[in-house]
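Asker: So that we are looking at the same thing, I have put the structure below in structure tokens.
The values are calculated or read from the model by the stated rules, or taken from the named source; none is laboratory data. Remember, it's a predicted structure, so these values are computed and weren't measured experimentally. Cβ: placed from backbone, ideal geometry, glycine included. Neighbour counts: every protein chain shown.
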Amino acid sequence: MTEKVITRFPPSPTGSLHIGNIRSLLFNYLYTRKHGGNIVMRFEDTDKERSDKVHEAVALETLEALGLDFDRGPFRQSERTEKYVSALNTLIEKDLAFVAEESEGEPGKHVIRFRNPNKTITFHDIIRGDITIDTTGFGDFVIARSEDSPVYHLSVVVDDIEMGVTHVIRGEDHITSTPRQILLIEALGGTVPTYAHLPLIVGSDKKKLGKRHGAVTYQEFRDLGYVPSAIVNYLALLGWNPGDDREFFTKDELIKEFSLERVNNSPASFSYKKLDSINRHHILQMPEDEYLGEVKKFLCANAEGEKLCAFVNFEDLVKLVIRERINKFSEVTSMFAAGEFDWLLHAPEPEVDKLLWKDTSPENTRKHLGHVIDSLDKVSNWTVDDIKEAIWPYAERNGRGEVLWPMRFALTGQEKSPDPFTVAFLLGKEEALTRLQKAEQLL
């Protein structure tokens, strides 16, 4: 590639960035960085009624969090009106546009229409090949709502020409806009860029991904405990593939591998289950202290959660139990709400019949618990492995269920919990023996 690649990030600050917009920005980023080009950031805020600085700030926060940096800008179309008016006047002077009917709601001002040459436009799309569209059906289309109020098609073309944009990478919903923009580029003497229109992202019902499917903005995914590296990894796979079975990528690996030629033109199906899998991979790559910090962020949000975070063996709980269970950090909050950690905060009050394994008698159960207590009392190095080593041979000889079920239930009071060796370790020797002795006395 001889020309320097220049692409643009052009969000409209009229709401939060949809995940589809973020995927488009990501593909622009990967393509541009691979080819050593530049990215221009601009806010297409010509919709004065709906544009909001808050949405601008959220968009910039999103890009920063995902590591999608840009080289120039941010520019704002609302601050570049004189450039669009100048282009408008040029088109009128050349009789390529004309003043038409009066503007609605703007007395004394008139709509400006482009004088459509009514020709067939063919442009090459890197993803879809040659696309041919007859512009006759467009008629003389509006390019300004009034003499000083250009519409999207004109402002985006003026910006692309002035900023030297060489590649326009965007969603397929813009395909029908492309011929209009090419007509305007040619009329203004600009160079037609290379186009690539990305496939639609759909939900499980094959309809365009929306809020009815679940989270759709970066902030929503972040609040569910998905990490930026996983979001970038997963979005890259929505429509693109590396040509083999690989699923897990860092951002640098994606830059190296990415090509628009490997983007499919069929709709990309968004799978929250697949995102969970990729997120799990990425959070397991995190340094332990960073992982621990994320767990605390979600778990310590209330007074009860703070008690658990203050638990003496909390770091071991994260390593041995939580780390093996969750795909995203919000799941630790669900585990807590479901009472899965209650046994750490409160000693159970086990019922006799629930201490019994199937048809095992109270007498035999008491005997097994007694052996467990005696064996654990002799353990000097209180680790999961040493605890298991002290109990396992006896459980193998006498029936694992008959020995380990009452041990676990005495320690937790729960029918589902981590294995009894891990539980005993986390409780500590003194607390574990106290709970086991209490259960033995009940029998």
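Asker: Could you say whether any residue in segment 309-321 is in contact with a Ser or Thr (Cβ under 8 Å, 6 or more places away or on another chain), aliphatic (A, V, I, L, M) and in contact (Cβ under 8 Å) with a residue 12 or more places away in the chain?
Answerer: yes
Asker: Follow-up. With respect to VAL216, determine if the residue is at pLDDT below 95 and either within 30 Å of LEU96 (Cα to Cα) or in the same structural domain as ALA268 (by TED's automatic domain parsing) (or both).
Answerer: yes
Asker: Would segment 403-418 turn up any residue that is in contact (Cβ under 8 Å) with a residue 60 or more places away in the chain, part of a loop (DSSP other than H, G, I, E, B), surrounded by 14 or more Cβ atoms within 10 Å (Cβ to Cβ) and more than 45 Å from the chain's Cα centre (by Cα)?
Answerer: No, segment 403-418 contains no residue that is in contact (Cβ under 8 Å) with a residue 60 or more places away in the chain, part of a loop (DSSP other than H, G, I, E, B), surrounded by 14 or more Cβ atoms within 10 Å (Cβ to Cβ) and more than 45 Å from the chain's Cα centre (by Cα).
Asker: Looking at VAL295, VAL263, can you tell me which residue is surrounded by 13 or more Cβ atoms within 10 Å (Cβ to Cβ), of a type outside the set (Ser, Thr, Tyr), at pLDDT 95 or above and out of contact with any helix residue (DSSP H, G or I) (no Cβ under 7 Å at 6 or more places or on another chain)?
Answerer: VAL263
Asker: Turning to a different aspect of this structure: Suppose the filter is of a type in the set (Asp, Glu), outside the structural domain of ARG323 (by TED's automatic domain parsing) and not in a helix (DSSP H, G or I); does GLU396 pass it?
Answerer: For GLU396, the condition - of a type in the set (Asp, Glu), outside the structural domain of ARG323 (by TED's automatic domain parsing) and not in a helix (DSSP H, G or I) - is not met.
Asker: Which ranges mark the strands (runs of 3 or more DSSP E) fully within segment 42-157 that have 1 or more residues being of a type in the set (Lys, Arg)?
Answerer: So the answer is 72-76, 110-114, 142-146.
Asker: Let me ask something else. When segment 132-184 is examined, which residues are found to be under 19 Å from PHE43 (Cβ atoms), of a type in the set (S, T, N, Q) and surrounded by 15 or more Cβ atoms within 10 Å (Cβ to Cβ)?
Answerer: Those that are under 19 Å from PHE43 (Cβ atoms), of a type in the set (S, T, N, Q) and surrounded by 15 or more Cβ atoms within 10 Å (Cβ to Cβ): SER149, SER155, GLN181.
Asker: Under 7 Å by Cβ, and 6 or more places apart or on different chains, what pairs join a residue from segment 185-208 that is of a type in the set (Lys, Arg) with one that is part of a loop (DSSP other than H, G, I, E, B)?
Answerer: Cβ pairs passing all conditions: LYS208/LEU200.
Asker: With ILE283, ILE255 as the choices, which residue is under 20 Å from TYR29 (Cβ atoms) and among the β-branched types (Val, Ile, Thr)?
Answerer: Of the residues listed, the single one that is under 20 Å from TYR29 (Cβ atoms) and among the β-branched types (Val, Ile, Thr) is ILE255.
Asker: Let me ask another. Residues of segment 187-207 being exposed (fewer than 15 other Cβ atoms within 10 Å of the Cβ) and on the phi < 0 side of the Ramachandran plot, which ones?
Answerer: THR191, SER204, ASP205, LYS207
Asker: Can you work out which of the residues in segment 340-389 that are assigned to a helix (DSSP H, G or I) and basic (Lys, Arg) is modelled with the lowest pLDDT?
Answerer: LYS354
Asker: A further question on this structure: Check THR32, THR7, THR2, THR46 and return the single one that is surrounded by fewer than 19 Cβ atoms within 10 Å (Cβ to Cβ) and either of a type in the set (Ser, Thr, Tyr) or modelled with pLDDT under 95 (or both).
Answerer: THR2
Asker: How many of the residues making up segment 72-88 are under 22 Å from LYS53 (Cα atoms) and among the β-branched types (Val, Ile, Thr)?
Answerer: Total satisfying the criteria: 1.
Asker: In segment 117-169, which residue that is of a type in the set (Phe, Trp, Tyr) and without any contact (Cβ under 8 Å) to a residue 60 or more places away in the chain is farthest from LEU198 (Cα to Cα)?
Answerer: The qualifying residue farthest from LEU198 (Cα to Cα) is PHE141.
Asker: For segment 419-443, enumerate the residues that are acidic (Asp, Glu) and either part of a helix (DSSP H, G or I) or in contact with a Cys (Cβ under 7 Å, 6 or more places away or on another chain) (or both).
Answerer: The answer is GLU430, GLU431, GLU440.
Asker: Still on this structure: Right, ASP69: modelled with pLDDT of 95 or more and either in contact with a helix residue (DSSP H, G or I) (Cβ under 7 Å, 6 or more places away or on another chain) or not assigned by TED's automatic domain parsing to the domain that holds VAL227 (or both) or not?
Answerer: Answer is yes for this residue.
Asker: Looking at LEU238, is it surrounded by 17 or more Cβ atoms within 10 Å (Cβ to Cβ) and within 18 Å of GLY20 (Cβ to Cβ)?
Answerer: Judged against the criteria, LEU238 is a match.
Asker: Please specify each residue of segment 209-266 satisfying the condition of being part of a loop (DSSP other than H, G, I, E, B) and of a type in the set (Lys, Arg).
Answerer: The answer is ARG246, and nothing else.
Asker: Scanning segment 300-322 for residues that are under 24 Å from the mean Cα position of the chain (by Cα) and crowded, with 18+ Cβ neighbours inside 10 Å, which turns out nearest to PHE425 (Cα to Cα)?
Answerer: So the residue we want is VAL318.
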